[in-house]
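Notes for the one structure printed next.
The values are calculated or read from the model by the stated rules, or taken from the named source; none is laboratory data. Since this is a predicted model, take the numbers as computed values, not measurements. When we count neighbours, we look across all protein chains shown, and the Cβ atoms used for this are built from the backbone with ideal geometry, even at glycine.
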Amino acid sequence: MKRTGIALLLAWVLLLSACGEKPAEPFRSEFLAMDTVMYLTLYGEAGERASALVQERVEALEGLLSVTDEGSDLYAANHSGGQPVTLHGETAALLERALALCDETGGALDVSIYPVVRAWGFTTGKYRVPGEAELEALLEKVDYSRVALDGGALTLPEGMELDLGAVAKGWTGDALMELLAEAGVSSAIVELGGNVQALGARPDGTPWRVAVQAPDGSGYAGVLEIVDRAVITSGGYQRCFEQDGETYWHIIDPATGRPARSGLTSVTIVAEEGVVGDALSTALFVLGREGAEQLWRERGGFECILMEEDGTVAVTQGLEDSFSLYGDWVDHPLEIIRK
Ligand code: ADP
Ligand code: MG
């Protein structure tokens, strides 16, 4: 069994300055959080002070939302044995939002998938391929519509366990945008695993340039220009293992309990809110191209970049002018998805 681990995210954001101009110096920092490295690039005098606040905020959120931390709200919920538990306000607010997104995606996102994710070893790194009977039994516990949330009071059916891993980093990005703006930072970019979120534009008023990773490990596939947006990618390459020549990854199709094989290798969502981008990047990866297009047409409120197994890149029309293929990928077929 080979571990491919978590892809390293280096230099996601291309901080290219307009020619000849000397850019303002940002305050940069990085720290470990939520199983990944967080990179901050903050412009303005408040940068350094804000960076300490960011770290505190992220650690507080992780303390509420971690599935493994014994003091977290999620841990309490997952060990409640069918009894009601009281959640902190922020956990309840995120869960409420996440449940709505599970509904909007027809269950492609399902926050009660945790027993299945654990069986595959994605929470512990002890990877294995569960048998059919085991998966069937675990799937009986998976159904977000049976989560009873009333204000801060949560009751889960016995045996059900929640995993907010598909939405927690996006929610965190939104919280940080708010915190940074309040702290007096006018321009910032925050990277958390496959999530990038921008506050405002670059200090010179031009858009941020965010690189989108190539799912085949060949560097960057494209570059996006954004202002005040979250850019969130889910890919099969981010956390996976190989066994007997098959690759298994951490995004599970709730219909089968197995890694989602929809023909997509990566989905990038561009949205105003990180939590929406995060939820939809996971859900669209499960849905595949057709389902993704349908959700974009019917729900709207986001744009996306879909990368397919055959190397095709499809981009919704709202990104037509802000996305371009990059490097080795410039010759790949690029399709525009229109309304
Ligand atoms: P990452 O956390 O690597 O950025 P995602 O946002 O796509 O990737 O979230 C994947 C995580 O969400 C998995 O590690 C797992 O904990 C959980 N998960 C996997 N499949 C689903 C699903 N269909 N619905 C909800 N959560 C999922
Ligand atoms: Mg996600």
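How many residues are over 21 Å from Ala279 (Cα atoms) and either touching a residue at least 40 places away in the same chain (Cβ under 8 Å) or touching a Lys or Arg at 6+ places or on another chain (Cβ under 6 Å) (or both) if we restrict to the stretch 129-155?
The qualifying residues number 9.
Conditions (1) touching a helix residue (DSSP H, G or I) at 6+ places or on another chain (Cβ under 8 Å); (2) modelled with pLDDT under 55; (3) assigned to a strand (DSSP E or B), marked per residue:
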residue	(1), (2), (3)
Arg3	no, yes, yes
Ala11	no, yes, no
Ala24	no, no, no
Leu32	no, no, yes
Met38	yes, no, yes
Leu42	yes, no, yes
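Within the stretch 311-333, which residues are touching a residue at least 60 places away in the same chain (Cβ under 8 Å) and more than 23 Å from Gly300 (Cβ to Cβ)?
Ser324, Leu325, Tyr326, Gly327, Asp328, Trp329, His332
Checking Ala255 against (1) modelled with pLDDT of 95 or more; (2) farther than 21 Å from Val58 by Cβ; (3) more than 10 Å from ligand 1 (Cβ to nearest atom); (4) surrounded by fewer than 24 Cβ atoms within 10 Å (Cβ to Cβ), which single condition isn't satisfied?
All conditions pass for Ala255, except number (3).
Out of the stretch 228-251, which residues are within 12 Å of ligand 2 (Cβ to nearest atom) and in contact with a Pro (Cβ under 8 Å, 6 or more places away or on another chain)?
Result: Gly235, His250, Ile251.
Take the residues in the stretch 247-288 that are among the aromatic types (Phe, Trp, Tyr) and not in a helix (DSSP H, G or I); name whichever of them is nearest to Ala108 (Cα to Cα).
Trp249
I'm trying to understand the selection: among the residues of the stretch 197-210, which are among the hydrophobic types (A, V, I, L, M, F, W, C) and either surrounded by fewer than 21 Cβ atoms within 10 Å (Cβ to Cβ) or touching a Cys at 6+ places or on another chain (Cβ under 9 Å) (or both)?
Result: Ala201, single match.
Can you report the number of residues in the stretch 258-276 which are near ligand 1 (Cβ under 9 Å from one of its atoms), touching a helix residue (DSSP H, G or I) at 6+ places or on another chain (Cβ under 9 Å) and either under 20 Å from Glu136 (Cβ atoms) or not aliphatic (A, V, I, L, M) (or both)?
Kept after step one, since they are near ligand 1 (Cβ under 9 Å from one of its atoms), are these residues of the stretch 258-276: 259-260, 267.
Those still in the list that are touching a helix residue (DSSP H, G or I) at 6+ places or on another chain (Cβ under 9 Å) too: 260, 267.
Going one step further and asking which of them are either under 20 Å from Glu136 (Cβ atoms) or not aliphatic (A, V, I, L, M) (or both), we end up with 260.
Residues that pass the stated criteria total 1.
Looking at the stretch 120-127, can you tell me whether even one residue there is over 30 Å from Ala24 (Cα atoms), touching a residue at least 24 places away in the same chain (Cβ under 8 Å) and crowded, with 21+ Cβ neighbours inside 10 Å?
Checked against the condition, which is being over 30 Å from Ala24 (Cα atoms), touching a residue at least 24 places away in the same chain (Cβ under 8 Å) and crowded, with 21+ Cβ neighbours inside 10 Å, the stretch 120-127 yields at least one hit.
May I ask you to verify whether Thr172 is touching a residue at least 60 places away in the same chain (Cβ under 8 Å), within 14 Å of ligand 1 (Cβ to nearest atom) and either of a type outside the set (Gly, Ala, Ser) or touching a His at 6+ places or on another chain (Cβ under 8 Å) (or both)? I'd like the intermediate steps shown before the answer.
Values: touching a residue at least 60 places away in the same chain (Cβ under 8 Å): yes; within 14 Å of ligand 1 (Cβ to nearest atom): yes; either of a type outside the set (Gly, Ala, Ser) or touching a His at 6+ places or on another chain (Cβ under 8 Å) (or both): yes.
When the stated conditions are applied, Thr172 passes them.
For the stretch 84-114, enumerate the residues that are out of contact with any helix residue (DSSP H, G or I) (no Cβ under 6 Å at 6 or more places or on another chain), among the hydroxyl-bearing types (Ser, Thr, Tyr) and closer than 15 Å to Val67 by Cα.
Residue satisfying the conditions is Tyr114 alone.
Restricting the stretch 143-162 to residues that are more than 19 Å from Thr68 (Cα to Cα), in contact with a helix residue (DSSP H, G or I) (Cβ under 8 Å, 6 or more places away or on another chain) and not in a helix (DSSP H, G or I), which is nearest to ligand 2 (Cβ to nearest atom)?
Val147
Looking at this structure, is Thr282 of a type outside the set (Gly, Ala, Ser), in contact (Cβ under 8 Å) with a residue 12 or more places away in the chain and within 12 Å of ligand 2 (Cβ to nearest atom)?
Working: of a type outside the set (Gly, Ala, Ser): yes; in contact (Cβ under 8 Å) with a residue 12 or more places away in the chain: yes; within 12 Å of ligand 2 (Cβ to nearest atom): yes.
Criteria met by Thr282.
For the list (1) small (Gly, Ala, Ser); (2) surrounded by fewer than 22 Cβ atoms within 10 Å (Cβ to Cβ); (3) in a loop (DSSP other than H, G, I, E, B), I need the number of the one condition that Gly291 fails.
(3)
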